[in-house]
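Peer 1: Sharing a structure, written as structure tokens. Questions coming.
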Amino acid sequence: MLYIFLLICLQIFVVFCELPHHKFEYKYSFKGPYLAQKDGTVPFWEHFGNAIASEEMVRITPSLRSKKGSIWTKNKTTFDWWQVEVVFRVNGRGRLGADGFAFWFTENKGVEGPVFGSNDHWIGLGVFFDSFDNDNRGNNPYIMAMYNDGTKAFDHQSDGVAQQLAGCQRDFRNKPFPVRAKIEYYKNVLTILFHNGNSNNDEDFELCVRAENIYLPQHGYFGLSAATGGLADDHDALKFLTYSLYPPGTQPTSQNIGDAEKEKFSKEYEEYKDKLEKQKEEFRKEHPDEAKRKDMEFNPDEAYETSQQRELQQIFQGQSSIFEILRGLHRKIDEVIGRQERALSMLSAVQTGGVPQGQGIPPPQVAGGSLGRHEIEALLGGQREIVQSARDIKSFVTDIHQRTGTIIAKQSEQGKPAGAGLAFEANALFQDVKESLNIVKRDLAAVAAKNQGGPCPVVQPVSCLTTTYFFIFMSIQIVVIIGYITYQSNKESQAKKFY
Ligand code: MAN
Ligand code: CA
Ligand code: CA
């Protein structure tokens, strides 16, 4: 029992020890975003025919009839063993599509031809994702691997059924997620794993081909090609990820690559950066408007006002309208005082027996006959107190007016909230408003009490400012101030939290 257990452990150990080292080969890979450059080229690759590269993918053929396209690495590989993961989509509107998609690893770069868009008589490996059932056996879509030493012509009419190393029937058209193929060539064993795109799960690969004693060119070009015929599909390659494989212990150490290549890469990087900056500068000069628009796209914060600026703007507008209302109020109080003074002088005239001439105001109507001296004096005293209260209100409003002006000036100078100082000032103002309102209330109550109990002369009615109007205005002012104080304290507590 123990013996069997040890044997299994030993086997697991051997398998894990045998796992190759993977090194990503960026010069034999592509993937989005920014897959293609502005001029439509893919770094380290070249594409032909109807292939079009965009930021996200290479469309090897569009879903139009009789199209052929391909994309090939610019350079031959420099490593012996490799693994490639191709992520792609084959989509078409019909129940059937055509013709298919091919992965290549060949001695020479391919050219346009009859085998899924590439040339026949290739030397090396072709893996075909054949969508269309040309031999009518009802076995497509089909995935197959075919080796060619340059002597064989692919039999399109029979879907190459007799020429394959191995294959499997799998549907890869119109899948919810991109389909994937992992093609590995390691120690002369070819393995093809397939992911059917029904999920986005990395673990869902299944074995399609395993063929031993395969002898591919030691170094070659990677390529993808596709073709449409009487029927058509979009053939889109989203990723092509290449890893070189090294048996344990033979992988290049990072130090070996490091010093030599590091300097080269950083030099290349600096050169690219300089070139990019120069091109940007030239673009700005040639298209200033376009450059501005692009800058705005990249830095939207600079293009629009910040929320703090917006709030300040709103406060400033609020303060300005308060200022305007106060100005109006000021004017009306002046009018009231003027009228009261005229009324007083008329009353004095009545008292002394004459009516001032040329005033245009009719003499007061006195109800219930002539007034006694003491009554007139009480009335006059009441009127004087009203005038005094109105003066107090006026000076108080002037005070508010001045303080509001100071707040606005401070905000527009600093362009930011005045902070704790301003909050304190607003609070003091609020207290002042309260006190003054109490005084005014008291004064008005006293006047009302005095005026009670005796007949009042009917003075020409004054319609401009009423006590209600005044209180409404004051309430608005208080609400605004309370709102502002709350806003300030919120701001301060947020700032504290931040630090
Ligand atoms: C036509 C021909 C074939 C092709 C099919 C599907 O029948 O062009 O070669 O395979 O359409 O596109
Ligand atoms: Ca076919
Ligand atoms: Ca077939």
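Derivation of every value follows stated rules applied to the coordinates shown; laboratory data play no part. No experiment lies behind these values; they were computed from the predicted model shown. For neighbour counting, all protein chains shown are included, and Cβ atoms are generated from backbone atoms with ideal geometry for every residue, glycine included.
Peer 1: So if R0 is 51 Å, what FRET efficiency would Arg137 and Thr250 give, r being the distance between their Cβ atoms, rounded to the nearest 0.05?
Peer 2: So the FRET efficiency works out to roughly 0.70.
Peer 1: Sort Asp202, Asp149 so that the residue with the fewest other Cβ atoms within 10 Å of its own Cβ comes first and the one with the most comes last.
Peer 2: So the ranking, lowest neighbour count to highest, is Asp202, Asp149.
Peer 1: How much length is gained on full extension from Asn91 to Ala153, taking 0.36 nm per residue of separation minus their Cα-Cα distance?
Peer 2: 19.5 nm
Peer 1: Can you give the Kirkwood hydrodynamic radius of segment 56-132 from its Cα pairs, in Å with one decimal?
Peer 2: The Cα-based Kirkwood calculation yields 13.9 Å.
Peer 1: Here's another thing I want to ask about it. Can you list, bin by bin at 10 Å, the percent of alpha carbon pairs in segment 40-83, starting at 0?
Peer 2: The distribution over segment 40-83 is 25, 43, 26, 5, given as percents.
Peer 1: Residues of segment 238-252 with amide nitrogen under 16 Å from the 7 Å Cα-to-Cβ point of Lys27?
Peer 2: Only 242-245, 252 pass the distance filter.
Peer 1: Cut-off is 10 Å between beta-carbons; in what order do Asp99, Asp159 appear when sorted fewest neighbours first?
Peer 2: With the sparsest Cβ surroundings first, the list reads Asp159, Asp99.
Peer 1: On a full-extension model of 0.36 nm per residue, what is the gain between Ala349 and Asp202, subtracting their alpha-carbon distance, rounded to one decimal in nm?
Peer 2: Additional length available on full extension: 42.4 nm.
Peer 1: Want the number for Glu212 to Lys285: 0.36 nm per residue separation, take away the alpha-carbon distance, what's left?
Peer 2: The span from Glu212 to Lys285 would gain 20.2 nm if fully extended.
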